[in-house]
Amino acid sequence: MLRGGCYLAFAASPETLGIEETVMDKYQQSQKNKLFKPQHGDPYLELPSSGTALCPQCGVTYHRGHWSWKSAAPSDAQSVVCPACRRIADDQPAGILHLGGKFLGEHRQEILNLIHNTEAAEKTAHALERLLKVTDKDDGLEVTTTGMHLANRIGHALNAAYKGHSEYHYSDDENSVHIRWQRD
Ligand SMILES: [Zn+2]
């Protein structure tokens with residue numbers, strides 16, 4: 001299978017390409033699992049005991065193993081505060097971004113717009129991925145999120161739009177991510 005010029009440059013055999021593909025699929029699958037399934041030991045991702053639930057604070061519903069905006073809650077749905085609202089109430093982010101550098105000072109509003117637009121797009125599809133806080137710090141801006149996926153998306157959006165330098169650090173239990181982005 002042809003996978004593009006870069007593979008041909010290495011004269012990779014079809015077997016090698018097959019291995020690459022398997023690794024990629026496993027990686028994508030694991031990312032998907034992280035996004036939709038509870039991580040062991042993360043109290044914020046414990047599932048409601050009943051099959052359906054409604055968050056009284058934000059209106060998100062739990063149905064068939066997922067929290068989403070789409071399904072209407074049945075009348076017997078259990079009232080359960082969703083993981084995102086609990087993280088917001090406890091001020092316990094799953095994602096923390098530190099933005100710094102001269103470029104940030106010169107393009108602050110533009111960067112804030114990018115952050116809010118990324119949240120809006122992400123939150124529609126993944127109900128538990130929300131901005132928690134955007135705080136001015138002495139050395140830049142701190143952005144916290146209720147989910148790791150949104151933090152990653154913001155980090156990649158900053159890189160895609162403005163380049164700069166970024167570092168990603170995952171906690172040992174893989175339940176949180178710390179991202180530093182800098183452009184001078
Ligand atoms: Zn909620």
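The values are calculated or read from the model by the stated rules, or taken from the named source; none is laboratory data. The structure displayed is predicted, hence computed values, not measured ones. FYI the Cβ positions are ideal-geometry reconstructions off the backbone, even for glycines, and counts take in every protein chain you see.
Observations
- Of all residues in the range 111-162 being in a loop (DSSP other than H, G, I, E, B) and touching a residue at least 12 places away in the same chain (Cβ under 8 Å), the one that is farthest from the chain's Cα centre (by Cα): Asp139
- Residue that is nearest to the ligand (Cβ to nearest atom), among those in the range 65-78 that are part of a loop (DSSP other than H, G, I, E, B), loosely packed, with under 15 Cβ neighbours inside 10 Å and in contact (Cβ under 8 Å) with a residue 12 or more places away in the chain: Trp69
- A single member of Asn175, Asn152 is at pLDDT below 95 and surrounded by 16 or more Cβ atoms within 10 Å (Cβ to Cβ), and it is Asn175.
- Tally of residues being away from the ligand (no atom under 16 Å from the Cβ) and among the aliphatic types (A, V, I, L, M) across the range 79-122: 10
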